[in-house]
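Engineer: Once you've had a glance at the structure underneath, I'll fire off some questions.
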Amino acid sequence: MSLLLWSLLVLEIVVFVLFYIFLIDLIVIGHDFATTGPAINRLAEIIERHGKQDGIFFDLGSSRGVLVFRLQSRCLQLTSTGVDGSAFRIFLSRIMFLWPGRRATFLKADVLDVDISRADVVYMYLGTWMMAGLEEKLRHEMKPGAIAVTNTQFLPTWEPAQTVIVHPEKPEFEKMFVYIQT
Ligand SMILES: C[S@@+](CC[C@H](N)C(=O)[O-])C[C@H]1O[C@@H](n2cnc3c(N)ncnc32)[C@H](O)[C@@H]1O
């Protein structure tokens with residue numbers, strides 16, 4: 001068999017294996033709705049309005065790193081860390097950040113276990129059931145002046161400093177809540 005045929009066969013096997021890992025990851029770890037482009041633009045505006053565009057950004061529950069990648073196109077000076085419980089999603093994030101000129105750190109961990117004390121901005125697009133635990137963590141660990149932004153869900157007892165409607169035609173979809181640590 002020629003080298004070309006061997007290469008095609010190997011490529012086919014790699015794609016096949018990755019596809020099945022992708023499916024198993026979705027079934028085992030669960031959904032990973034991604035923040036949409038308009039919401040990423042609003043997040044960038046929030047970051048800029050609060051003067052954090054050259055700060056330290058954490059995406060708690062970063063999935064395959066797409067939000068971190070796209071946000072960096074808007075906020076070039078951000079130092080970003082993505083955290084996800086899925087080893088496969090973290091692997092794909094690291095692959096994407098092999099892109100020339102791109103740098104970010106990706107950690108496979110539970111979002112409740114990472115140290116966010118250096119963060120200037122913490123972003124979360126996570127399930128309702130996680131909000132109480134996250135609120136306690138954010139209040140405990142974030143430094144004064146740091147901001148937390150939640151997408152769709154809100155922190156149960158913390159009054160947001162700002163609420164941002166991303167899609168006026170569908171106001172509840174991707175509504176964002178901004179919290180400022182005192
Ligand atoms: C809805 S997706 C959000 C992806 C990305 N942040 C975005 O906005 O496009 C949520 C991600 O959080 C991850 N996740 C959920 N609970 C987690 C936990 N306790 N620790 C770490 N990651 C978690 C899931 O694996 C999933 O990839």
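Engineer: Checking the condition small (Gly, Ala, Ser) and near the ligand (Cβ under 9 Å from one of its atoms), which residue from Gly55, Gly61, Gly101 passes?
Structural biologist: That would be Gly61, the only listed residue that is small (Gly, Ala, Ser) and near the ligand (Cβ under 9 Å from one of its atoms).
Engineer: Going by the structure shown, is Arg102 touching a residue at least 40 places away in the same chain (Cβ under 8 Å) and over 15 Å from Asn151 (Cβ atoms)?
Structural biologist: When the stated conditions are applied, Arg102 does not pass them.
Engineer: Next question, about the same structure. How about the stretch 114-142: which of its residues are out of contact with any strand residue (DSSP E or B) (no Cβ under 7 Å at 6 or more places or on another chain) and of a type in the set (D, E, K, R)?
Structural biologist: Within the stretch 114-142, Asp115, Glu135, Glu136, Lys137, Arg139, Glu141 meet the criteria.
Engineer: Take the conditions assigned by TED's automatic domain parsing to the domain that holds Gln153 and loosely packed, with under 14 Cβ neighbours inside 10 Å and apply them to Asp59. Does it pass?
Structural biologist: No: the conditions fail for Asp59.
Rundown of residues vs (1) in a loop (DSSP other than H, G, I, E, B); (2) touching a residue at least 40 places away in the same chain (Cβ under 8 Å), yes/no style:
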{"position": "Leu9", "(1), (2)": "no, no"}
{"position": "Glu12", "(1), (2)": "no, no"}
{"position": "Phe16", "(1), (2)": "no, no"}
{"position": "Asp32", "(1), (2)": "yes, yes"}
{"position": "Thr35", "(1), (2)": "yes, yes"}
{"position": "Ala39", "(1), (2)": "no, yes"}
{"position": "Phe69", "(1), (2)": "no, no"}
{"position": "Gln77", "(1), (2)": "yes, no"}
{"position": "Arg94", "(1), (2)": "no, no"}
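The values are calculated or read from the model by the stated rules, or taken from the named source; none is laboratory data. All values derive from a computational prediction rather than experimental measurement. Heads up, the Cβs are rebuilt from the backbone with ideal geometry, glycines too, and the neighbour counts pull from every protein chain shown.
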